[in-house]
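Data first, discussion second: the structure below is written as structure tokens.
The numbers here are math on the coordinates, done by the rules we state, and not lab data. All of these numbers come straight from a predicted model, not from anything done at the bench. Cβ sites come from the backbone with ideal geometry, for glycine too, and all protein chains shown count toward neighbours.
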Amino acid sequence: MDPLYKQRGFLPATDPLRNFEPDSPLAMLDELGRDLPSLLYDPHFRDYARSLNIPPWTPPHDESKTLGTLRLYYVRLGFLASAYINQVGQTPANVLPRNIAVPLCQACQSLDRPPILSYDGYALYNWKRFDPAGPIALGNLDTLQNFVHLYDEHWFILVHVEIEGIAAEIFSAIDDACRAIAENDAAGVNEALSAMGRAVWRQVDVLRRIPEHMDPALYFKAFRPYIRFFEHVYYEGVETAPLDYRGETGAQSSIMPTLVAFLQIPHEASLLTNHLAEMRNFMPAEHRRLIAEIEHSPNVRPLAERLIYNDLLEAIAAFREVHLGWAEEYIHKRVEDPRGTGGTPYMRWLSQLIDETRAHKL
């Protein structure tokens, strides 16, 4: 396992790039990103967007900034594409114009990911610290890009950023547990499982903070539509057939799949498991590889102490339960279409995950 995972979780190795160089042709994307929430109030926004001359991404002279600039380019173009297709107050568009589609697809091909804004662009690469020496935690974070002029959207994103940062402790514990299993060290295994459980319970506490600064009505009407899936969208200049892509969703976070893989939690084969497997396609390629690696970890159960192991599983179930509760409060009460932003019947599926996690207890 790359040691960086034990320091940063699934967040980038260094804090996301905030802006392009002022003399770069790409600097216009920073201005566009800043103005996007205001531009979206204009019913003629799409006309303006089609007129934009978007420069293609090119590697910077400083190779150490290559990945950071590529990710920022993807964030700017991903937001623009989702804003264009799903502009609030307008009928969803079914054609992404060439000037947006071509550079977005080229950048996403370089990142080995589908050409739509996903969880990585919406959260993992979309934050900054006020105090660079301070923690990656609420109160010291802000976003780089938004769809709307509401702190509710900032808060929604930043809650997930802190949760992702805590995942570093989970990776340290997984690494410790694997070493302890190799040495048949039951005490070491259970110490690692305890640390893992404490980290997940901290993530549960952070997730519970969603209502502090996120109003359900504002979430549902103002910015949730922008992270919706693309359905039968033509990418002009790229594909001649319409494409479907999953929208941004927490199911694209790699944390829970990592825990499921390490603990070997069985989930019955169903549309749910097919969906979760598909969600991996929207994760960063390096995260997909790490989950695949962890799936081959030795079985921790034979050396696990029942209370410690079960507390960890209960923490995972509680995290999913809080998520289910927010899905009910923020979405299900307000919508006739039972699909989430990823395009799935989330209520039934989340309940199934919770039940199967608890069923795996010792």
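Could you list LEU324, LEU313 in order of exposure, starting from the residue whose Cβ has the fewest other Cβ atoms within 10 Å?
So the ranking, lowest neighbour count to highest, is LEU324, LEU313.
State, to one decimal in nm², a quarter of the convex hull surface area for the C-alpha atoms of the range 93-149, i.e. the direction-averaged projected area.
Taking a quarter of the hull surface, the average projection is 5.7 nm².
Restricting to DSSP loop positions (anything but H, G, I, E, B) with no more than 10 other Cβ atoms inside 10 Å of their own Cβ, which chymotrypsin sites (Phe, Trp or Tyr not before Pro) remain in the range 212-241?
Listed in order of number, the matching sites amount to none.
Please tell me the relative contact order of the range 37-127 in percent, rounded to the nearest whole number, where contacts are Cα pairs under 8 Å and at least six residues apart.
Relative CO of the range 37-127 lands at 34 percent.
Rounded to the nearest 10 degrees, what's the angle between the helix 186-207 long axis and the longest principal axis of the chain, both from Cα atoms, 0 to 90?
40 degrees
Hey, what angle do you get for helix 27-39 against the long axis of the chain, alpha-carbon based, 0 to 90 degrees rounded to 10?
90 degrees
Which ³J(HN,Hα) values, rounded to whole Hz and listed in residue order, are derived for the range 101-112 from phi using the Karplus coefficients 6.51, -1.76 and 1.60 in 6.51 cos²θ - 1.76 cosθ + 1.60 with θ = phi - 60°, glycine and proline given as x?
The phi angles translate into 4, 5, x, 5, 5, 5, 5, 5, 5, 5, 8, 6 Hz.
Return SER24, SER253 ranked ascending by Cβ neighbour count within 10 Å, so the fewest neighbours appear first.
SER24, SER253
Determine, for each peptide in 60-66, 261-267, 100-106, 76-82, the mean count of other beta carbons within 10 angstrom over its residues, then list the peptides with the highest first.
Sorting 60-66, 261-267, 100-106, 76-82 by mean packing, highest first, produces 76-82, 100-106, 261-267, 60-66.
Mind checking the dipole of the chain: about its Cα centre, +1 per Lys or Arg Cβ, -1 per Asp or Glu Cβ, Debye to the nearest 20?
Approximately 420 debye in magnitude.
Within the range 123-167, report the chymotrypsin sites (Phe, Trp or Tyr not before Pro) that DSSP leaves as loop and that have at most 12 other Cβ atoms within 10 Å.
PHE130
Relative contact order (percent) for the chain, with alpha-carbon contacts under 8 angstrom and 6 or more residues of separation?
20 percent
To the nearest 0.05, what FRET efficiency results for ASP142 and ALA269 with a Förster distance of 51 Å applied to their C-beta separation?
Calculated transfer efficiency: 0.75.
How tilted is helix 285-294 with respect to the longest principal axis of the chain? Cα atoms for both, answer in degrees (0 to 90, nearest 10).
10 degrees
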